[in-house]
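Remarks on the structure that follows.
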């Protein structure tokens with residue numbers, strides 16, 4: 001409806017919207033949405049990161065796709081939901097916190113909107129929670145490979161006050177992956193010292 | 001005390017204050033405070049919405065009444081607490097999230113302060129959590145009746161990063177109620193697909 | 001690494017950093033860090049207050065020490081961790097909320113950075129959660145002794161949307177302690193009416 005469109009500050013040319021929301025997780029949903037916009041005739045209208053109380057120290061998510069045709073909006077949601085299995089692959093949690101690692105060889109509009117990634121370039125993202133662990137992971141990643149830092153987010157800036165540090169970076173695809181793999185190794189050890197062995201619920205893809 | 005008054009940025013003419021706080025819920029407390037200012041010689045000095053960790057995806061509340069006389073401040077708190085039973089009537093929750101619907105035929109100072117409602121006019125409010133459900137409810141409400149949107153709040157703006165979408169609107173009182181009833185019907189179904197049947201703890205009033 | 005240093009907006013002269021993080025608690029960590037900077041050749045580079053979901057209605061913390069020498073950074077972390085036992089002494093909790101009282105005869109850089117305390121002066125801090133209790137504690141403290149209010153924080157300003165009121169103040173050291181003791185007495189009674197007797201996990205020091 002157009003009065004809601006206006007209140008939501010959405011461009012009226014998108015007569016249909018597709019919505020993805022999660023109480024737990026933001027990175028996996030954003031990466032999944034990134035694949036969905038590549039695969040469909042849609043655009044990302046909004047990415048918002050609630051500070052939900054479910055799921056510990058991190059964000060939930062609200063992602064809105066816009067499409068001129070309702071079939072495109074529906075298709076984008078379907079693609080994104082299918083991708084979630086994969087994009088949750090490198091999310092590792094235990095009772096003390098969580099770690100997340102994401103990689104794409106070719107960033108699209110969701111990574112651009114959420115993290116200022118350059119379209120079409122290799123892109124990496126790492127999250128450490130509690131934030132103190134994230135600081136160490138960020139340091140580890142940039143020392144492990146020749147990557148360019150895009151953004152550094154922490155409880156007081158760039159997050160919704162979550163207890164996380166989030167680092168995003170670009171570079172050639174080998175370097176981005178190498179930085180992520182080094183940080184993942186350190187992160188799993190470090191978070192493991194605060195609780196049980198951190199595990200993923202699905203299958204690592206990086 | 002006057003140095004606290006100053007730090008709290010309260011007008012010194014209010015020598016007494018009445019305080020209502022909740023770890024769970026903001027809309028019901030605001031609507032109850034709205035009745036309390038109508039019924040007493042007080043004003044609303046502050047309405048703040050903490051992101052508490054109790055009560056899932058939504059807000060807590062802190063509401064401060066000001067009065068020149070301590071009896072008025074006390075009376076406002078009493079009226080508000082008594083109204084809470086009613087204003088929690090259309091709050092529906094399950095393990096996946098919650099819904100809230102509020103209506104007043106005549107908005108007063110609390111609705112104005114919290115939501116920019118026009119004094120003395122019909123006013124409706126709906127909340128959907130997680131936020132993705134709220135987007136659908138907002139769309140449903142404005143399609144169901146001829147109402148004017150006052151505000152649309154989402155995790156990144158107008159909320160304290162809660163996983164909610166909140167829509168407020170005015171119109172003639174029949175239209176406001178019709179919009180709320182339509183959204184409530186859709187909301188209970190939709191939230192029910194993510195968990196058990198959403199239920200209220202008290203008695204619906206709309 | 002220097003690209004992370006830059007993204008974190010840290011002065012490059014600090015080649016080593018020490019990190020303290022908590023999912024639960026901010027005041028105790030800040031007071032402990034305050035002792036640590038007094039005792040070591042370090043500075044406080046950052047104090048951030050996540051809104052973690054662990055630990056109820058309050059903040060977590062991320063504190064970063066900077067040092068030119070790695071031994072100093074490590075020593076600062078050691079001192080701070082050792083102080084935590086004491087600084088958690090006047091934190092009282094039950095299922096309904098929590099209270100916190102902190103005192104130092106001589107505020108240092110962490111109190112200055114986090115709360116705008118004057119260096120070298122007596123400093124007191126009180127927290128009440130839920131926020132409605134904090135309003136009463138703030139009023140009690142300033143009525144009990146001749147103290148100067150430094151800051152008043154509430155869910156909508158000065159906190160990360162936590163359900164807390166935080167008051168900080170200075171004055172002569174007897175007055176600061178007297179204000180804290182009066183507020184503590186009222187706070188324990190008041191929070192106790194909402195649940196079980198509020199207790200500390202360690203030993204009160206004020």
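Those residues that are outside any loop (DSSP other than H, G, I, E, B) and within 8 Å of chain B (Cβ to nearest Cβ), I need them from the range A:1-45; list them, please.
Across the range A:1-45, the qualifying residues are A:3, A:4, A:6, A:7, A:17, A:19, A:20, A:21, A:22.
Just give me the residues in the range C:180-203 being under 17 Å from residue C:102 (Cβ atoms) and within 11 Å of another protein chain (Cβ to nearest Cβ), in sequence order.
Selection gives nothing.
Only residues that are within 12 Å of chain B (Cβ to nearest Cβ), assigned to a strand (DSSP E or B) and within 15 Å of the chain's Cα centre (by Cα): list them for the range A:46-92, please.
Across the range A:46-92, the qualifying residues are A:46, A:47, A:48, A:61, A:62, A:63, A:64.
Kindly indicate whether any position in the range A:103-119 is under 12 Å from the mean Cα position of the chain (by Cα), assigned to a strand (DSSP E or B) and more than 9 Å from every other protein chain (Cβ to nearest Cβ).
Yes, some residue in the range A:103-119 is under 12 Å from the mean Cα position of the chain (by Cα), assigned to a strand (DSSP E or B) and more than 9 Å from every other protein chain (Cβ to nearest Cβ).
Of all residues in the range B:123-160, how many are part of a loop (DSSP other than H, G, I, E, B), in contact with a strand residue (DSSP E or B) (Cβ under 6 Å, 6 or more places away or on another chain) and closer than 16 Å to residue B:183 by Cβ?
Looking only at that region, the number is 2.
Please go through the range A:24-46 and pick out each residue that is modelled with pLDDT under 85 and over 18 Å from residue A:123 (Cα atoms).
Those that are modelled with pLDDT under 85 and over 18 Å from residue A:123 (Cα atoms): A:24, A:25, A:46.
Just to be sure I understand, how many residues within the range C:47-57 are free of Cβ contacts under 8 Å to residues at least 60 places away in the same chain and touching a helix residue (DSSP H, G or I) at 6+ places or on another chain (Cβ under 8 Å)?
1
Regarding the range A:135-157, can at least one residue be identified that is buried (at least 23 other Cβ atoms within 10 Å of the Cβ) and in contact (Cβ under 8 Å) with a residue 60 or more places away in the chain?
No: zero hits.
Could you tell me which residue of the range A:161-179 is surrounded by the fewest Cβ atoms within 10 Å (Cβ to Cβ), considering only residues that are facing chain C (nearest Cβ under 10 Å) and in a loop (DSSP other than H, G, I, E, B)?
A:161
The values are calculated or read from the model by the stated rules, or taken from the named source; none is laboratory data. A quick note: this is a predicted structure, and the numbers were derived from the prediction, not measured. Cβ: placed from backbone, ideal geometry, glycine included. Neighbour counts: every protein chain shown.
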